[in-house]
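Written out below as structure tokens is the structure these notes cover.
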Amino acid sequence: MPNNLLDLSIEEVSNLIEDGSVSSLELTELVLKNIERIDPKLNAFIKVLSEESIEQAKKADKARADGINLGSLHGVPVAVKDLFATKNIATTAGSKILSNWVPEKDASTVSKLKAAGAILIGKCNMDEFAFGGTTENDHYGTTRNPWDTSRSPGGSSGGSAVAVASRMVFSALGTDTAASIRNPAHFCGIVGLKPSYGRVSTSGVVPLAWSLDHVGPFTRTVKDAAIMLNVISGYDIQDSYSSKNKVDDYVTNIETPISGMKIGILKDYFWDPIEPSVDGAVNTAINVLKELGSVNQNVSFDSAHLFPILMNTVLPAEAAAYHKQWLETNQDDYGQKILDRILPGLVVSGPDYINAQRIRDQIKTGFMKMFEQFDVLICPTVPYTAAKIGQLEVAVGESKMEASVARTKNLFPFNALGLPAISIPCGFDNNNMPIGFQIIGKPFEESKLLQLGHNYQKVTDWHLMAPNTA
């Protein structure tokens, strides 16, 4: 029996539950004690479901005793960002406006987690209505990075990332509209997967921008991300954007060697400016992949400068469309930070929005041509490491940048294009803050990202590093 069960992967702890070395109840009680011990200083959770999770764990153990095995998540504690609807449990979206909303049914992804036997431990803190990148919430407080509590964990899914990084759960679901899974994964030293647009249902998830929203998991290993994706993927009739594309078994081929895999290293816009520590760590990771047999080549994308225009048009316009009802009746209930982001969307004109969508289609056509040459693309996840809480400007190499721009710069393009992307830990800076690199693939080719990432983690140990939460 390992000294610390909470350091184990989903795969490892599931094996212990299956062979009877530990019960789901024991594991859940251990998780709840860890949350009680460290969450007061990290503030990863808006609500902890102590009684409910204990009852779920007892049911999981009974099912196991009756010979029922629902798979790798059966009896394993997980969490979700507090914009996933949970039946008979308040779902706030980090807002005052929805503080009393108690959904009558679960989000589709929550239903899938429950059907797989996962134990829902709680609802994680977030930027209000997911419109932000720091998890500094005016209503539910600031979430802190477990590697340095004076620093931000990123956002908007910062609570989910912190809960996984600090060993409060084995996985957590987040959402990613401009960066909100991958930037917290980078800042907190864990794996964050944004699947292809339409791969995972958004039914029952409070939206930020319909054409950009993605649901995905945080985990500590790439293989655990594959396990989670197996559970939550698939067509959902309740989601009009859901895809009917075939769903792979993401775990089956993950061990396949990557020898001969063609990797395009995205340069220029995606690499400049950059902090030297991030530059060094990502280049080292690329060299590891080369040693494993990948064929690497630098590549540039001439239209990358158009992505910020898309972000500043499509995202606020779609957000304002959703919030218009409350802006007219409950504007005083919003925090000032989210108002500053939503209100500009009200003045985006119809022609501007349509033209942005046309540019988006043209960019995607050009970008997809790169995949005629490469299996996957790689770039730094974020060009700097976690900033101080409240810091609005960051030094990136020899440049000064708005933190909000720098932390989304390399990430939003793949929301706009609907491409799968994953951030994987690959090192630390001089302040012992984590660094990640990003792998991007063709639509619905998550298997290649997971295969590449898993092979990388088999020969490195960055994903095994844990913050000191004593």
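The values are calculated or read from the model by the stated rules, or taken from the named source; none is laboratory data. All of these numbers come straight from a predicted model, not from anything done at the bench. For neighbour counting, all protein chains shown are included, and Cβ atoms are generated from backbone atoms with ideal geometry for every residue, glycine included. For the accessible areas, the whole protein counts, side chains as well, though only heavy atoms, and no ligand, DNA or RNA atoms are used. Shrake-Rupley method; radii C 1.70, N 1.55, O 1.52, S 1.80 Å.
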* **Accessible area (Å², per residue) of segment 99-248, counting only protein heavy atoms and a probe of 1.4 Å** => 24
* **Ellipsoid equivalent to segment 11-124 - semi-axes via the Cα gyration tensor, in Å** => 26, 17, 10
* **Segment THR256-SER150, extension gain: residue separation times 0.36 nm, minus the distance between their alpha carbons** => 34.1 nm
* Carbon + sulfur, % of accessible area of the chain - ligands and nucleic acids excluded, 1.4 Å -> 49
* To do: Determine the per residue accessible area of segment 316-399 with all protein chains present and a 1.4 angstrom probe, expressed in square angstrom.
  => 51
* Asked: Averaged per residue, what accessible area in Å² does segment 15-84 show with a 1.4 Å probe, protein chains only?
  -> 46
* Please work out the C-alpha center-to-center distance from segment 126-185 to segment 201-244 and express it in whole Å. => 18
* **Entry for semi-axes √(5λ) of the Cα gyration tensor in Å (calculated from the structure that is shown) out of (1) 41, 25, 20; (2) 30, 27, 22; (3) 49, 29, 18** => (2)
* Structure fact -> Using eta = 0.692 mPa s and T = 37 °C, Stokes-Einstein with Kirkwood Rh from Cα pairs puts D for segment 152-213, in µm² s⁻¹, at 278
* Asked: Which of rounded, prolate, oblate describes segment 321-406, given a ≥ b ≥ c as roots of the alpha-carbon gyration tensor eigenvalues and a/c under 1.5 marking rounded, otherwise prolate only if a/b is larger than b/c?
  -> oblate
* Please find the FRET efficiency linking VAL288 to LYS369, where r is the Cβ-Cβ separation and R0 is fixed at 30 Å, and quote it to the nearest 0.05. => 0.60
* To do: Quickly work out the ARG358-to-LYS400 label distance, labels modelled 7 Å from Cα along the C-beta direction, and quote it in nm with one decimal.
  => 3.9
* To do: Quickly rank 128-136, 144-152, 341-349 as a protection proxy: mean count of other C-beta atoms within 10 Å, highest first.
  => 128-136, 144-152, 341-349
